1. Classify region 21-60 from the C-alpha gyration tensor, please: rounded if a/c falls under 1.5, else prolate or oblate depending on whether a/b exceeds b/c.
2. Compute the helix-to-body angle for 121-130: its Cα long axis versus the longest principal axis of the chain, expressed 0 to 90° and rounded to tens.
3. With bins 20 Å wide starting at 0, give me the P(r) of the chain over every alpha carbon pair, in whole percents.
4. When only alpha-carbon atoms are used, what values of Rg and Dmax, in angstrom, describe region 137-193?
5. Rounded to two decimals, what ratio of Rg to Rh does region 42-147 give with C-alpha atoms and a Kirkwood Rh?
6. Quick one: which of 301-308, 214-221, 117-124 comes out on top by average Cβ neighbours within 10 Å, and what's the full order, highest first?
7. At what distance in angstrom do the alpha carbon centres of region 26-59 and region 200-268 lie from each other?
8. Could you quote the convex hull projected area for region 1-77, Cα atoms only and averaged over all directions, in nm²?
């Protein structure tokens, strides 16, 4: 494939922060790129920051209608590669890798094994324990006494097993909280001891090469927004404890492509909160400091080339609200 040809990239979830960050990374590339944005809703800034917008149908992802939508979209736009910005799209494409490949479309996906392993927090914590990696003390108790006996003094965190980021996480202070959420929660969950301190939480980006090696890491000390996304990020150019942890985990799980690891540090232990085997909500912040995962993904997935790492910049970043105005004549 000629690198001089305009590259047509489909980005899903452009109505949300991850997809919009991927678009920003593509815009920062020196390549000639046409971005086709995809989302279920046209009511966001997403359609206005891409070259073409395509709205998903209101159909089940297991239906022929939904697959037909992708068939038609690929043909109309001559899509060469898809970069998913939502977990649901990552899972759909992981399930349909062969289908997309048969149509000549590359997918910016991590390994099927890592996507599967990280889809359940409890099962992944067991996988960490199996390799001897320090695991946050966790339990799935039936009673408050059982939780206290296993985890020590509260508060504890109640975490849904299959949510990502900080979604659905509840702090339990006492038995009243436990009994309330024990009956109210409709999803499977676990309790964890709170490890580390608020100011010792980190989000780390690497670009995995599939053999245990990786590009990066770019480490951010972070502060979260109420929605669970990174609101403040400070570049940390050297952190021996985290660097050793990232190397060990990558050598064991061999990620491919954009991979996000989140940690709390307590003493000399880097407790892993989770691995997101995809672009994360902080991907646009990483681009700003020289770690452009979207551009790396084009090199790796589309051109089969190992990306190069530009020099990283030091600094801090904050997210803030800004109005995005579209006048009536330009509405979709």
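1. On the way: a/c = 2.73, a/b = 2.23, b/c = 1.22.
Verdict is prolate for region 21-60.
2. 70
3. For the chain, the binned pair fractions read 30, 57, 13, 0 percent.
4. 10.2, 28
5. Numbers: Rg = 19.2 Å, Rh = 17.0 Å.
Taking Rg over the Kirkwood Rh, I get 1.13.
6. Details: 301-308: 13.8, 214-221: 22.0, 117-124: 17.5.
Per-residue mean Cβ counts within 10 Å order the peptides as 214-221, 117-124, 301-308.
7. Result: 28 Å between the Cα centres.
8. Details: hull surface 22.4 nm².
Over every viewing direction, the Cα hull of region 1-77 projects on average to 5.6 nm².
Every number in this text was worked out from the coordinates using simple rules, so none of it is lab data. Computed from a prediction, not measured in an experiment: that's the story for all the values here. So basically every Cβ, Gly included, is an ideal-geometry build from the backbone, and we count neighbours across all protein chains shown.
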